[in-house]
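This report refers to the structure that appears directly beneath it.
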Amino acid sequence: MFEELEKYKSLEFFARHVMEGFISGLHKSPFHGFSVEFSEHRQYNPGESTKNIDWKLYGRSDKLFVKRFEEETNLRCQLVIDHSRSMLFPLEGHNNYKKPNKLTFSIYAAALLSEMMLRQRDAFGLTLVGNGIDLQTDVRSSKAHQHYVLGLLEQELAQPIDTRTEHPSSTHIAEALHLTAERLKQRSLVVVFTDAFTSVEESRALLDALRHLRHCKHEVVVFHTMSFGKELDFAFENKPTEFIDLESGKSLKVQPFEVIDKYQEQMSKLVAEFKHHAIQYQADYVAIDIDAGFEPILVPYLLKRKKTRV
């Protein structure tokens, strides 16, 4: 999929094109019930008025559906993107359509989710988190609002790496999620994109923030965004390599094969613990490989939406 992205200079055009392909694919997949009908239509109930039946859809599907109106939809969603420096890994993937870094992937995924929400007449807002809440929009469900949100995301993509905050001591994503939990006055779905690369103390604080969101009756989906090959498998060439911590700026020169076993053991443990506690706090946890395409983003959202209207 990423090979095609270079054609789509606009996030809006990209989101619309990929969503059309995804919806078409659902007709042929085990997720057939999630096709476009689930968002813009509902099944006709015998005895109700026939004036809103979509006869064109009946001709294609041989099933009766009525058009769903905006007041029938009550999902509110806040898209939260961690845009701290660790999300810039790998650096060469920033705004690279073919091999994105974690931030680029999260931005495109959020654009795609906004298109899905717009089609379902769901309200959505955007939060960017670095050293606290750097940006937070209102939650709305209009085309104009989507255009505004996508414009903000395109600005984020266009920001040069060297102009970003230099090596913050922490991401403060936990504090930002605590504030988000308090600011969302209506029960909402909070979708979080983060690599969760923090210290042990900050990891506990992040998990506590997820628990706070659930305590406030919000639904939570955490997309744990990583490069599986490099960050989990440590797939680097066997030659002396300098590794630089994007958050602190500290560097370390090592021979990858000398540390790979210990590294993999520690990373597996950290990811497993984060997943365990996120699920324990009743958040939906999804590990995301930035090289695997967007379906792992869309399907969990559809499953969550089908189970729960918030």
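Taken as a whole, the structure places ILE244 among residues that are under 20 Å from MET87 (Cβ atoms) and open to solvent by 80 Å² or more (accessible area, probe 1.4 Å). Apart from one condition, PHE223 fits all of (1) assigned to a helix (DSSP H, G or I); (2) within 30 Å of GLU265 (Cβ to Cβ); the exception is (1). Checking each residue in the stretch 124-155 for being open to solvent by 40 Å² or more (accessible area, probe 1.4 Å), touching a residue at least 40 places away in the same chain (Cβ under 8 Å) and assigned to a helix (DSSP H, G or I) picks out HIS147, GLU154.
Of all residues in the stretch 192-220, those being assigned to a helix (DSSP H, G or I) and either of a type in the set (A, V, I, L, M) or touching a residue at least 12 places away in the same chain (Cβ under 8 Å) (or both) number 14. Just wondering, is there one or more residues in the stretch 212-227 that are of a type in the set (Asp, Glu) and open to solvent by 30 Å² or more (accessible area, probe 1.4 Å)? Taking every residue of the stretch 212-227 in turn, none turns out to be of a type in the set (Asp, Glu) and open to solvent by 30 Å² or more (accessible area, probe 1.4 Å).
When residues in the stretch 274-285 are screened for being open to solvent by 30 Å² or more (accessible area, probe 1.4 Å) and touching a residue at least 12 places away in the same chain (Cβ under 8 Å), 6 of them pass. Restricting ASP138, ASP134 to residues that are farther than 25 Å from PRO300 by Cα and over 17 Å from the mean Cα position of the chain (by Cα) narrows the list to ASP134.
The values are calculated or read from the model by the stated rules, or taken from the named source; none is laboratory data. Every value quoted in this text rests on a predicted model; they were computed, and no experiment measured them. Don't worry about glycine lacking a Cβ; one is built from the backbone with ideal geometry, like all the others, and counts go over all protein chains shown. Just the protein is used for accessible areas: all its heavy atoms, side chains included, with ligands, DNA and RNA removed. Shrake-Rupley method; radii C 1.70, N 1.55, O 1.52, S 1.80 Å.
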